[in-house]
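The structure appears below as structure tokens.
The values are calculated or read from the model by the stated rules, or taken from the named source; none is laboratory data. These numbers were taken from a predicted model, which means no experiment stands behind them. Because the Cβ atoms are built from the backbone with ideal geometry, glycine has one as well, and the counts that use them run over all protein chains shown. Note: areas computed on protein heavy atoms with side chains; ligands, DNA, RNA excluded. Shrake-Rupley method; radii C 1.70, N 1.55, O 1.52, S 1.80 Å.
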Amino acid sequence: MDLSPPLPILPGRKITGISAILLPFETDGKIDWQGLAQHVERTVAAGLIPAVNMDTGYGNLIDNEIRSRVLENTRSIAGEKGFVAGAFVADEPGSAFDPDAYRHAMERIESCGGTPVIFQSFGLTEQQDDGILESYHLIADSCDQFIAFELGKVFAPFGSIYSLGVYRELVKIENCLGAKHSSLSRQLEWDRLRIRNETRPDFKVFTGNDLAIDMVIYGSDYLLGLSTFAPDYFALRDSLWETEHPDFYQLNDILQYLGFFAFRAPVPAYKHDAAMFLRLRNWIASDRTHPQSPMRPEYDSEVLSGILDQLQQFG
């Protein structure tokens, strides 16, 4: 059996980190807008790119009014450093692909200076491969730049992981900067890295695998929900890799322990763990979450506190 690495490890590489922003809530159930702004500020200060209205920001559970306010607030903080945001289209099983709805969602994001991340929808993913590719070309014609997004069904019922044939053609779309891959499978992501390396080296494979955050050592970049817990420690980890410092491995191991704990089933409940963790750090005032998001038991806070103690040894 060949146990050699599936792809070469790339020490000294500068990692592009995009961190999904948790949308925090106050104890009375209202959105904590101040907490949101401060979390975006910390993420930008750490050197990561903020991603708003993603799954971590309840992008499929909030309405357009809230999405628009999140975009405006993020624009005022991120400024020229930029940000990305989820372009979400709500539909139902059996719906047709709605290019106009995607165009409107992308226009809102671009008008605020953001780059759209194309959330999947039933109308997009229930098509045959040719239809999926045709839809992405329509999306490409409607915006300056975008990031594609493959989402496993463990995260959302409308999610789909595309065939390698679809992925190879997606990589060829010039104004598609990259694609977030959230299958939670190393092998599927390695396959995509091979296609990227062969086809278009500047295309970014953004790992969304919160259970294998070391995929960055093989050439992935990242767009993670896990990094919302600790954008500062993720940025430190990335700098340790770039400078080829051995502490990368220990810090990565602790962050991965956090990922395995927070992203256990039911996976969407990781957002409650994120709120608990940010509350422990005194970064937000409440660990309340969106009412339609699943909850974790309160004893998670004790485990999270122990993980935070381990991280704090790094300063």
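Charges were assigned to the Cβ only: +1 to each Lys and Arg, -1 to each Asp and Glu. The resulting dipole of the stretch 201-241 about its Cα centre is roughly 20 debye. Placing +1 on the Cβ of every Lys and Arg and -1 on the Cβ of every Asp and Glu, with no other charges, gives the chain a dipole of roughly 380 debye about its Cα centre. Taking only protein heavy atoms and a 1.4 Å probe, the accessible area of the stretch 212-275 is 59% carbon and sulfur.
Is the shape of the stretch 1-154 rounded, prolate or oblate, going by the alpha carbon gyration tensor and its root eigenvalues a ≥ b ≥ c, with a/c under 1.5 for rounded and a/b larger than b/c for prolate? Taking the square roots of the gyration eigenvalues as a ≥ b ≥ c, the stretch 1-154 is oblate.
Computed 3J(HN,Hα) for the stretch 182-189, one whole-Hz value per residue from the Karplus formula 6.51 cos²θ - 1.76 cosθ + 1.60 where θ = phi - 60°, is 10, 8, 6, 10, 4, 4, 5, 6, glycine and proline marked x. Beta bridges per DSSP, both residues in the chain: antiparallel share near 5 percent. When only Cα pairs under 8 Å and 6 or more residues apart are kept, what is the percent relative contact order across the chain? Relative contact order of the chain: 20 percent.
Dipole check for the stretch 164-242: with +1 at the C-beta of Lys and Arg, -1 at the C-beta of Asp and Glu, and the Cα centre as origin, the magnitude is about 280 Debye. The residue list Leu138, Ala105, Leu304 was ranked by how far each Cα lies along the charge dipole of the chain toward its positive end, using unit charges on Cβ atoms, and Leu304 comes out on top.
Per residue, how much accessible surface does the stretch 173-225 expose to a 1.4 Å probe? Answer in Å², no decimals. Walk me through the intermediate numbers first.
Working: 1530 Å² over 53 residues.
So the stretch 173-225 comes to 29 Å² accessible per residue, rounded to a whole number.
The share of Cα pairs per 10 Å bin across the chain, counted from zero up to the longest distance, runs 6, 28, 37, 23, 6, 0 percent.
Please give the net charge around Gly113, taking every other residue with its beta carbon less than 9 angstrom from that of Gly113, where Lys and Arg add +1 and Asp and Glu add -1. Don't jump to the answer; show the numbers that get you there.
Working: positive: Arg75; negative: Glu80, Glu110.
Local charge sum for Gly113: -1.
Amide H contacts of Ala87 (H built 1.01 Å from N, in plane; Pro and chain starts excluded): Val117, Ile118, Phe119 sit under 5 Å, all sequence-distant by 5 or more or on other chains. Put the Cα centre of the stretch 133-176 next to the Cα centre of the stretch 74-117 and the gap is 14 Å. In whole angstrom, how far apart do the alpha carbon centroids of the stretch 181-251 and the stretch 279-311 sit? If we compute the Cα centre of each part, the gap is 24 Å. Seen from Leu133, the other residues with C-beta closer than 12 Å to its C-beta sum to a net charge of -2, counting Lys and Arg as +1 and Asp and Glu as -1. For Lys153, a cut-off of 19 angstrom between C-alpha atoms picks up these aspartates and glutamates, skipping any fewer than 8 places away in its own chain: Asp55, Asp91, Glu92, Glu126, Asp129, Glu189, Asp210.
In a DSSP loop and with at most 12 other Cβ atoms within 10 Å, the GluC sites (Glu not before Pro) in the stretch 117-195 are Glu174. Positive contributions from Lys and Arg (+1) and negative ones from Asp and Glu (-1), summed over other residues with Cβ under 11 Å from the Cβ of Trp241, come out at -2.
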